[in-house]
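Here's the structure we're looking at; comments come further down.
The values are calculated or read from the model by the stated rules, or taken from the named source; none is laboratory data. Keep in mind that what you see is a predicted model, and the values were worked out from it rather than measured. Every residue, glycine among them, receives a Cβ derived from its backbone with ideal geometry; neighbour counts consider all protein chains shown.
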Amino acid sequence: MSKPLVFSWLTAITAMLGSLFFSEVMHFIPCTLCWYQRILMYPLAVLIGIAFYNDDRRIYKYVLPLSIIGMMISGYHYALQKIPFLQKFEVCTSGVPCSGEYINWLGFITIPLLAFTAFTIITASMFMLKKQYNREVE
């Protein structure tokens, strides 16, 4: 059993369940960028779960592109919320504004920051998994 694989899977599941909690229980309507982040995170929970079950350490090849793109989108989304100048370049033109903040815990923790943290943990875990796999192959 690979610890980076387990940790990344638990992170993806937590992120997926957290986003479902915010939308289905708290009734927060996801903005466009939130949807893009969900599109990237939800498959990660399934892909990494299957890789964990099969002990497939080569999954990093498929997970890294999704998690890195997710980091970029959630980082941009967080910057939109916290840097007023960037709101001029907001991509959400209809529905809920991407610069809106449903939560703002401790003055800086928002939903995009939570997503950024999850994508970062998954990315770091996949790099550790890649390093582990390459050592085993050599």
Among the residues in segment 82-89, are any in contact (Cβ under 8 Å) with a residue 24 or more places away in the chain and β-branched (Val, Ile, Thr)? no
When every residue in segment 40-58 that is closer than 16 Å to Thr120 by Cα and hydrophobic (A, V, I, L, M, F, W, C) is compared, the one nearest to the chain's Cα centre (by Cα) is Met41
TODO: Within segment 13-28, identify whether any single residue is assigned to a loop (DSSP other than H, G, I, E, B) and touching a residue at least 60 places away in the same chain (Cβ under 8 Å), and answer yes or no.
DONE: yes
When every residue in segment 1-18 that is within 10 Å of the chain's Cα centre (by Cα) and crowded, with 19+ Cβ neighbours inside 10 Å is compared, the one nearest to Leu80 (Cα to Cα) is Ala15
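May I ask you to verify whether Ile73 is of a type outside the set (Ser, Thr, Tyr), modelled with pLDDT of 95 or more, surrounded by fewer than 17 Cβ atoms within 10 Å (Cβ to Cβ) and in a helix (DSSP H, G or I)?
Numbers: of a type outside the set (Ser, Thr, Tyr): yes; modelled with pLDDT of 95 or more: yes; surrounded by fewer than 17 Cβ atoms within 10 Å (Cβ to Cβ): no; in a helix (DSSP H, G or I): yes.
For Ile73, the condition - of a type outside the set (Ser, Thr, Tyr), modelled with pLDDT of 95 or more, surrounded by fewer than 17 Cβ atoms within 10 Å (Cβ to Cβ) and in a helix (DSSP H, G or I) - is not met.
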Note on Arg135: of the conditions (1) assigned to a helix (DSSP H, G or I); (2) farther than 17 Å from Ala15 by Cβ; (3) in contact (Cβ under 8 Å) with a residue 12 or more places away in the chain; (4) of a type outside the set (Ser, Thr, Tyr), unmet is (3)
